[in-house]
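A.B. asks: My structure is below; once you've seen it, I'll send some questions.
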């Protein structure tokens, strides 16, 4: 890795860690040069790389600013800054799972409280589709089940936020299917967790729905971390194809 690439990587980590927020102005080349101990030419090259990837935006006469890395719903997410960060920084998978844990827990609680008969029918249909699909290739039905719950929350802001990250969230489901479902014990636990979420929502048990939904995502996150800690290669799947089996895999 060249020096400019190392600097751009460090700046990306700063963005991921919240040290630089979307819309925040990047320190000047002189300030970064002093802080990081490299020449201004290296800083300029690193910033140019980040600009080319859409991670920062340069405004003439004003300087460079952190871009909004969350893509619009209609964006081709393989080209979005967040997709780049996902591919280049393995920890982003766990960042996404942290978001899923909180937001999907909230969605499950609201769905248990607010779901209409039509919503419950759609959730049931999605759950049956998940049950009827081969667990080794059920990423889309899995995601569809969670999506039906999100839509039943009847919170337009929550729905909009999660829809804006739809394909990114699907990547976390792909990671679960690719790494955990081939392991029989983990697969059985995930199936049990889905059933608990479904039953809690159908019974209108809001607190239980929130609890089991959050526990499910936390289990996926903890299990993937455990595999990595044991030295296993965690597969992260690209969305270059609509077919899960046709997608190339990335290992880090």
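A.B. asks: The conditions are (1) surrounded by fewer than 16 Cβ atoms within 10 Å (Cβ to Cβ); (2) closer than 18 Å to residue 219 by Cβ; (3) without any contact (Cβ under 8 Å) to a residue 60 or more places away in the chain, and residue 98 fails exactly one of them. Which is it?
C.D. replies: All conditions are met except number (3).
A.B. asks: Hey, another quick one. Can you pull out every residue in segment 115-157 that is under 26 Å from residue 235 (Cα atoms) and out of contact with any helix residue (DSSP H, G or I) (no Cβ under 9 Å at 6 or more places or on another chain)?
C.D. replies: Once the filter is applied, which keeps residues that are under 26 Å from residue 235 (Cα atoms) and out of contact with any helix residue (DSSP H, G or I) (no Cβ under 9 Å at 6 or more places or on another chain), segment 115-157 yields only 134.
A.B. asks: Mind checking which pairs have a first residue in segment 15-26 that is not assigned by TED's automatic domain parsing to the domain that holds residue 47 and modelled with pLDDT under 80 and a second that is surrounded by 15 or more Cβ atoms within 10 Å (Cβ to Cβ) and part of a loop (DSSP other than H, G, I, E, B), Cβ under 6 Å, 6 or more apart or different chains?
C.D. replies: Correct list of pairs: empty, since none qualify.
A.B. asks: For residue 204, only one of the following conditions fails: (1) modelled with pLDDT of 95 or more; (2) assigned to a helix (DSSP H, G or I). What is its number?
C.D. replies: Condition not satisfied by residue 204: (2).
A.B. asks: Can I ask one more? Out of 194, 146, 160, which single residue is buried (at least 22 other Cβ atoms within 10 Å of the Cβ), assigned by TED's automatic domain parsing to the domain that holds residue 103, out of contact with any strand residue (DSSP E or B) (no Cβ under 7 Å at 6 or more places or on another chain) and not in a loop (DSSP other than H, G, I, E, B)?
C.D. replies: Exactly one of 194, 146, 160 is buried (at least 22 other Cβ atoms within 10 Å of the Cβ), assigned by TED's automatic domain parsing to the domain that holds residue 103, out of contact with any strand residue (DSSP E or B) (no Cβ under 7 Å at 6 or more places or on another chain) and not in a loop (DSSP other than H, G, I, E, B), namely 146.
A.B. asks: Would you check which residues across segment 113-143 are part of a loop (DSSP other than H, G, I, E, B), more than 18 Å from residue 206 (Cα to Cα) and free of Cβ contacts under 8 Å to residues at least 40 places away in the same chain and list them?
C.D. replies: The answer is 132, 133, 134.
A.B. asks: Still on this structure: Could you look through segment 49-66, keep only residues that are in contact with a helix residue (DSSP H, G or I) (Cβ under 8 Å, 6 or more places away or on another chain) and touching a residue at least 12 places away in the same chain (Cβ under 8 Å), and pick out the one that is nearest to residue 31 (Cα to Cα)?
C.D. replies: The extreme case among them is 64.
A.B. asks: Which numbered condition trips up residue 171, out of (1) out of contact with any strand residue (DSSP E or B) (no Cβ under 9 Å at 6 or more places or on another chain); (2) surrounded by 16 or more Cβ atoms within 10 Å (Cβ to Cβ)?
C.D. replies: Status for residue 171: all satisfied but (1).
A.B. asks: Here's a follow-up. Residue 14 - would you say it is within 24 Å of residue 98 (Cβ to Cβ) and surrounded by 13 or more Cβ atoms within 10 Å (Cβ to Cβ)?
C.D. replies: Considered against the rule, which asks whether it is within 24 Å of residue 98 (Cβ to Cβ) and surrounded by 13 or more Cβ atoms within 10 Å (Cβ to Cβ), residue 14 comes out as yes.
The values are calculated or read from the model by the stated rules, or taken from the named source; none is laboratory data. Keep in mind the model is a prediction, meaning the values are calculated, not measured. Cβ coordinates were reconstructed from backbone atoms using ideal geometry, including for glycine residues, and neighbour counts include every protein chain displayed.
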